[in-house]
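Let me begin by handing over the structure; questions about it come next.
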Amino acid sequence: MAEVINLITIAEGARISTINGATAEVVNNPKDGVWVFAKYLTSPEDPDLVGSEDMIFAQDIAEVLT
Amino acid sequence: MTTAGTRNVAQVLLKHEIEEFLYHEAELLDERRFAEWLELLTDDIRYWMPMRRNVKFGELEREFTREGQDINWFDEGKATLERRVSQILTGVHWAEEPLSRICHMVSNVQLLEASPSAEEAAEVALKCRFYIYRNRVETETDHLIGKREDTLRKENGGWKIAQRKIILDQNVLLAKNLTFFF
Amino acid sequence: MSNSHANGSHRANGHSIADMVDLASGTVSREIFVNEDIYAQEQEQLFARAWLFVGHESQIPKPGDFFVSCMGEESVILCRDRESQIHVFLNSCTHRGMKVCRYDEGNTPVFSCPYHGWSFATDGKLAGVPYFKDAYKGELDKSQWGLIEVPQLRNYKGTVWATWDKDAPSFEEYLGGYRTYLDFLLDTWDGAGGETEVFGGIEKWVIPCNWKFPSENFVGDRYHNISHRSVDLVGAGPSGSGRRDTQERVGATALDFSFPERGHGTISFLRPNDGPIPSYQHSKIVSDYFAHCENERRKNYGKWSRFIPGPGTVFPNFSYLPRQPRTIAVWHPRSPESHEAWRWFLVDKNAPAEVKEFLRKYYISYSGPAGLTEQDDMENWNYAHNASRGAIARRYPYNYQMGMGHDAPSFDADGLELPGLVRNVTVAKAAEQNQRGFYSRWADFLRASNWDELASWRNGHSNGAKFHNGAAARAGSAL
Ligand code: FES
Ligand SMILES: [Fe+2]
């Protein structure tokens with residue numbers, strides 16, 4: 001089982017992966033532990049997302065890559 | 001005895017002395033010997049009770065209102081404390097007439113610093129817990145619980161209170177007033 | 001309200017409002033202070049419709065800044081969005097009600113709900129919904145489920161006001177002529193139109209009495225000086241004696257102003273037209289500053305500089321002291337038996353540091369739970385309420401007859417246009433015109449079914465007219 005990530009500890013600029021296999025860069029962390037604002041870098045499932053900014057929910061984050 | 005042992009004994013004795021002082025102070029307040037209590041305060045005493053905010057994790061530096069800058073429950077010196085005592089002693093300070101029944105409990109005393117040394121302490125910094133029970137008129141009752149940070153200074157052979165920071169463990173104050181001393 | 005129009009007469013819990021607030025006899029029933037059902041009606045009829053003070057602009061200077069406040073019983077978020085727009089939202093998640101912000105103040109890009117994770121932007125929009133695609137199939141109409149926002153908001157000279165009633169008149173219309181008096185609280189001391197700000201630290205405490213006790217006290221109770229005997233004896237005023245500087249009141253005409261058709265009221269002093277009066281004599285820097293402000297005031301206000309504003313209440317629960325100390329209080333209802341008092345302290349933004357420091361200390365030692373003055377008020381309100389709860393006590397109304405049926409002596413306003421029902425109480429020392437006006441308006445709110453009825457001034461016949469001597473009552477009303 002993947003480790004539970006505490007969103008509060010993710011630095012802005014960090015790269016994350018999602019459970020859908022996308023990667024994104026954190027652009028703003030409200031540090032509420034629930035959401036981060038991130039920009040998609042890769043998104044095999046939905047390529048349209050790449051380059052767009054979105055909120056990513058804690059339970060949709062698989063890993064902090066950097 | 002070793003030097004370290006002597007130091008330990010001095011610390012124990014000092015702690016005992018300080019505790020006795022704090023109990024004596026509580027006794028004066030509970031017995032409403034306000035004039036005598038005022039004599040335990042240095043002329044330059046700082047008496048500060050911040051308000052406490054609910055703030056986000058990682059922003060705890062904003063939890064307390066700031067001494068000397070913000071609105072605080074108390075942020076004053078001896079003149080105002082003397083005025084508070086005088087007001088109670090007018091007999092027409094309705095908020096304390098009839099006088100409340102108050103019990104000060106002091107515990108968890110920790111000496112943080114004694115300078116220049118425990119043996120010859122002239123100034124002591126300490127932390128403790130307080131529990132103030134107030135009952136007035138018939139059934140009106142307040143429980144005020146929190147921490148105190150005191151600095152005591154020796155003047156003319158006796159201890160006096162030079163600083164008191166009062167940390168009440170409440171956000172919205174649950175008592176209707178603060179007519180008593182912490 | 002369900003039972004207010006049941007049989008064509010206006011009733012609350014079986015009591016007729018006209019009987020409870022009986023302005024012909026000058027009495028007000030104790031029921032309106034202690035009765036649970038009437039309290040519940042107040043929440044619907046009054047707090048959900050009136051303009052209420054939420055906070056001060058200086059508390060949220062930057063985008064993302066927020067301050068959690070109250071409107072009546074309810075928690076609201078005052079915040080500034082990314083475009084610097086000010087909003088007031090109900091502090092309750094639209095999904096299942098969780099309080100979305102449990103911090104008192106701070107800065108944030110979003111309010112994220114800790115229950116299921118819905119997240120709202122600072123403009124209230126629902127921005128984040130967990131499993132939006134998987135669980136809601138992308139069908140949830142996010143535009144319909146943003147934070148619940150007040151339909152009307154007004155930033156008036158730095159004070160932010162809001163109402164839950166879209167049909168309420170504008171804030172300025174709600175104030176009416178009272179605006180003239182409120183401005184003395186909100187404008188800078190020198191009358192030059194600069195900015196004011198509030199000190200950090202909002203006092204919040206619980207007072208065990210109905211919220212109307214402090215509201216009616218501030219609306220103009222000159223009679224309760226004896227409450228403050230002890231502080232007058234020991235002296236806490238800014239020149240060392242009394243509780244305020246009272247020299248400026250010597251030789252002044254004491255005037256009460258009531259707006260029964262709106263509920264607001266205030267008291268004041270109109271000084272003789274002579275030189276500045278020394279005040280704030282504690283330190284030279286402070287007294288020099290106030291002397292400077294007084295001189296500027298004379299230039300900027302002209303004839304109005306003779307006007308010394310006093311305590312007031314903007315109906316229903318915003319009370320203030322405009323001068324010494326300068327502070328805003330809101331009495332948030334919590335139950336018939338208790339309310340939460342919140343207190344803000346105002347200062348001119350450009351006042352010298354020494355002056356701000358002096359005022360800060362004076363404010364703390366005057367007002368609030370540790371205030372030498374206010375402590376005694378609260379004791380009186382507490383036990384007045386306490387002794388009014390019994391079945392027997394409730395049968396006997398409170399007396400508001402002071403000055404009723406007597407015209408007050410006329411006075412020379414020296415060309416000043418003084419809005420409201422003006423009552424000269426220089427000789428009488430006190431009157432209860434303002435309290436009668438306050439409860440008259442309270443009764444209007446409990447009776448009326450909408451703002452068409454409440455905005456009675458629009459059709460020319462004010463509800464106040466039925467118990468004062470009509471429009472001629474400028475200088476000496478019988479209310
Ligand atoms: S209650 Fe807020 S997300 Fe469910
Ligand atoms: Fe008062």
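The values are calculated or read from the model by the stated rules, or taken from the named source; none is laboratory data. In this text the structure is predicted, and so the values were computed from the model without any measurement. So basically every Cβ, Gly included, is an ideal-geometry build from the backbone, and we count neighbours across all protein chains shown. With ligands, DNA and RNA removed, areas are computed over all heavy atoms of the protein, side chains included. Shrake-Rupley method; radii C 1.70, N 1.55, O 1.52, S 1.80 Å.
Can you work out which of the residues in segment A:33-58 that are within 12 Å of chain C (Cβ to nearest Cβ) and in contact with a Gly (Cβ under 8 Å, 6 or more places away or on another chain) is surrounded by the fewest Cβ atoms within 10 Å (Cβ to Cβ)?
Filtering segment A:33-58 for residues that are within 12 Å of chain C (Cβ to nearest Cβ) and in contact with a Gly (Cβ under 8 Å, 6 or more places away or on another chain), the one surrounded by the fewest Cβ atoms within 10 Å (Cβ to Cβ) comes out as A:GLU45.
Report, by residue number, each residue of segment B:12-67 that is within 14 Å of chain C (Cβ to nearest Cβ), assigned to a helix (DSSP H, G or I) and of a type in the set (Asp, Glu).
B:GLU61
Output the residues belonging to segment C:95-111 that are within 12 Å of ligand 1 (Cβ to nearest atom), surrounded by 19 or more Cβ atoms within 10 Å (Cβ to Cβ) and not in a strand (DSSP E or B).
Narrowing segment C:95-111 to residues within 12 Å of ligand 1 (Cβ to nearest atom): C:95-101, C:111.
Restricting the remaining residues to those that are surrounded by 19 or more Cβ atoms within 10 Å (Cβ to Cβ) gives C:100-101, C:111.
Matches in segment C:95-111: C:VAL100, C:CYS101.
Now for a different question. I need every pair where a residue in segment C:208-221 that is within 15 Å of ligand 2 (Cβ to nearest atom) has its Cβ under 7 Å from the Cβ of a residue that is of a type in the set (Val, Ile, Thr), sequence separation at least 6 or different chains.
C:SER215/C:THR313; C:PHE218/C:THR313; C:VAL219/C:THR313; C:GLY220/C:THR266; C:GLY220/C:ILE267
With the condition kept exactly as written, say whether any residue in segment C:405-420 is over 23 Å from C:ARG249 (Cβ atoms), over 21 Å from the mean Cα position of the chain (by Cα), at pLDDT 95 or above and more than 16 Å from ligand 2 (Cβ to nearest atom).
No, every residue in segment C:405-420 fails to be over 23 Å from C:ARG249 (Cβ atoms), over 21 Å from the mean Cα position of the chain (by Cα), at pLDDT 95 or above and more than 16 Å from ligand 2 (Cβ to nearest atom).
Please go through segment B:123-169 and give me each residue that is in contact with a Gly (Cβ under 8 Å, 6 or more places away or on another chain), within 30 Å of C:ASN386 (Cα to Cα) and buried (at least 16 other Cβ atoms within 10 Å of the Cβ), ordered by number. Give the derivation first.
We begin by selecting, within segment B:123-169, every residue in contact with a Gly (Cβ under 8 Å, 6 or more places away or on another chain); these are B:129-130, B:166-169.
Applying the additional criterion that residues be within 30 Å of C:ASN386 (Cα to Cα) yields B:130, B:168-169.
Listed by number, the residues that qualify are B:PHE130, B:LEU168.
I want to confirm something. Restricting to segment B:151-181 and keeping residues that are touching a Pro at 6+ places or on another chain (Cβ under 8 Å) and assigned to a loop (DSSP other than H, G, I, E, B), which single residue is nearest to B:THR141 (Cα to Cα)?
Of everything passing the filter in segment B:151-181, B:ALA175 is nearest to B:THR141 (Cα to Cα).
Taking the criterion of being at negative phi, at pLDDT 95 or above, out of contact with any strand residue (DSSP E or B) (no Cβ under 7 Å at 6 or more places or on another chain) and of a type in the set (A, V, I, L, M, F, W, C), would at least one residue in segment B:62-77 satisfy it?
Within segment B:62-77, none of the residues are at negative phi, at pLDDT 95 or above, out of contact with any strand residue (DSSP E or B) (no Cβ under 7 Å at 6 or more places or on another chain) and of a type in the set (A, V, I, L, M, F, W, C).
Can I ask one more? Might you check whether a residue that is in contact with a Phe, Trp or Tyr (Cβ under 7 Å, 6 or more places away or on another chain) and either in a helix (DSSP H, G or I) or open to solvent by 10 Å² or more (accessible area, probe 1.4 Å) (or both) occurs anywhere in segment C:257-272?
Let us first name the residues in segment C:257-272 that are in contact with a Phe, Trp or Tyr (Cβ under 7 Å, 6 or more places away or on another chain), namely C:257, C:259, C:261-266, C:268, C:270.
Checking the rest, the ones that are also either in a helix (DSSP H, G or I) or open to solvent by 10 Å² or more (accessible area, probe 1.4 Å) (or both) come to C:261-262.
Within segment C:257-272, one or more residues are in contact with a Phe, Trp or Tyr (Cβ under 7 Å, 6 or more places away or on another chain) and either in a helix (DSSP H, G or I) or open to solvent by 10 Å² or more (accessible area, probe 1.4 Å) (or both).
So that you can scan it fast, the table gives a plain yes or no per residue for (1) in a loop (DSSP other than H, G, I, E, B); (2) assigned by TED's automatic domain parsing to the domain that holds C:ASP123; (3) in contact with a Leu (Cβ under 8 Å, 6 or more places away or on another chain):
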residue: C:ILE32; (1), (2), (3): no, no, no
residue: C:ALA40; (1), (2), (3): no, no, no
residue: C:LYS62; (1), (2), (3): yes, yes, no
residue: C:PHE67; (1), (2), (3): no, yes, yes
residue: C:CYS70; (1), (2), (3): no, yes, no
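Let me ask something additional. If you scan segment C:218-238, which residues turn out to be surrounded by 18 or more Cβ atoms within 10 Å (Cβ to Cβ) and within 14 Å of another protein chain (Cβ to nearest Cβ)?
At the first step, the residues of segment C:218-238 found to be surrounded by 18 or more Cβ atoms within 10 Å (Cβ to Cβ) are C:218-222, C:227-228, C:230-232, C:234, C:236-238.
Within segment C:218-238, C:SER227, C:HIS228, C:SER230, C:VAL231, C:ASP232, C:VAL234, C:ALA236, C:GLY237, C:PRO238 qualify.
Additional query: When residues of segment C:304-336 are filtered for being within 16 Å of ligand 2 (Cβ to nearest atom), within 18 Å of C:ALA162 (Cβ to Cβ) and within 14 Å of another protein chain (Cβ to nearest Cβ), how many remain?
Qualifying residue count for the region: 3.
Here's the yes/no breakdown for (1) farther than 28 Å from C:SER215 by Cβ; (2) modelled with pLDDT of 95 or more:
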{"site": "C:ARG297", "(1), (2)": "yes, no"}
{"site": "C:SER305", "(1), (2)": "yes, no"}
{"site": "C:PRO311", "(1), (2)": "no, yes"}
{"site": "C:ARG323", "(1), (2)": "no, no"}
{"site": "C:GLU340", "(1), (2)": "no, yes"}
{"site": "C:TRP344", "(1), (2)": "no, yes"}
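Follow-up question, since we're still on this one. Just for segment C:169-204: of the residues that are hydrophobic (A, V, I, L, M, F, W, C) and open to solvent by 10 Å² or more (accessible area, probe 1.4 Å), which one is farthest from the other protein chains (Cβ to nearest Cβ)?
Residues of segment C:169-204 that are hydrophobic (A, V, I, L, M, F, W, C), as a first pass: C:171, C:175, C:182, C:184-186, C:189, C:192, C:198-199, C:202.
Adding the requirement that they be open to solvent by 10 Å² or more (accessible area, probe 1.4 Å) leaves C:184, C:189, C:192, C:198-199, C:202.
Numbers: C:PHE184: 22, C:TRP189: 19, C:ALA192: 25, C:VAL198: 9, C:PHE199: 5, C:ILE202: 7 Å.
Filtering segment C:169-204 for residues that are hydrophobic (A, V, I, L, M, F, W, C) and open to solvent by 10 Å² or more (accessible area, probe 1.4 Å), the one farthest from the other protein chains (Cβ to nearest Cβ) comes out as C:ALA192.
When segment C:325-353 is examined, which residues are found to be of a type in the set (S, T, N, Q) and open to solvent by 10 Å² or more (accessible area, probe 1.4 Å)?
Passing the criteria: C:SER335, C:SER338, C:ASN350.
Condition first: within 14 Å of chain C (Cβ to nearest Cβ) and open to solvent by 40 Å² or more (accessible area, probe 1.4 Å). Now tell me which residues in segment B:92-106 satisfy that.
The answer is B:TRP94, B:GLU97, B:PRO98, B:LEU99.
Confirm whether B:PHE74 is surrounded by 14 or more Cβ atoms within 10 Å (Cβ to Cβ), closer than 30 Å to C:VAL68 by Cα and not charged (D, E, K, R).
So B:PHE74 passes the test.
May I pose another question? Would you mind telling me which numbered condition in (1) within 16 Å of ligand 1 (Cβ to nearest atom); (2) within 26 Å of C:GLY176 (Cα to Cα) C:PHE53 fails?
Here C:PHE53 clears every test but (1).
Residue-wise test of (1) open to solvent by less than 20 Å² (accessible area, probe 1.4 Å); (2) in contact with a Pro (Cβ under 8 Å, 6 or more places away or on another chain); (3) modelled with pLDDT of 95 or more.
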position	(1), (2), (3)
B:MET1	no, no, no
B:THR6	no, no, no
B:GLU25	yes, no, yes
B:LEU29	yes, no, yes
B:ARG32	no, no, yes
B:TRP37	yes, no, yes
B:ASP43	no, no, yes
B:ARG46	no, no, yes
B:MET49	yes, no, yes
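Related question: Tally the residues that are over 15 Å from C:LEU418 (Cβ atoms) and open to solvent by 50 Å² or more (accessible area, probe 1.4 Å), restricting the search to segment C:278-311.
11
Can you find even one residue in segment B:10-20 that is of a type in the set (D, E, K, R), in contact with a helix residue (DSSP H, G or I) (Cβ under 9 Å, 6 or more places away or on another chain) and modelled with pLDDT of 95 or more? So that I can check it myself, show each step before the final result.
Narrowing segment B:10-20 to residues of a type in the set (D, E, K, R): B:15, B:17, B:19-20.
After this cut, where a residue has to be in contact with a helix residue (DSSP H, G or I) (Cβ under 9 Å, 6 or more places away or on another chain) as well, the list is none.
Among the residues of segment B:10-20, not one is of a type in the set (D, E, K, R), in contact with a helix residue (DSSP H, G or I) (Cβ under 9 Å, 6 or more places away or on another chain) and modelled with pLDDT of 95 or more, which makes the answer no.
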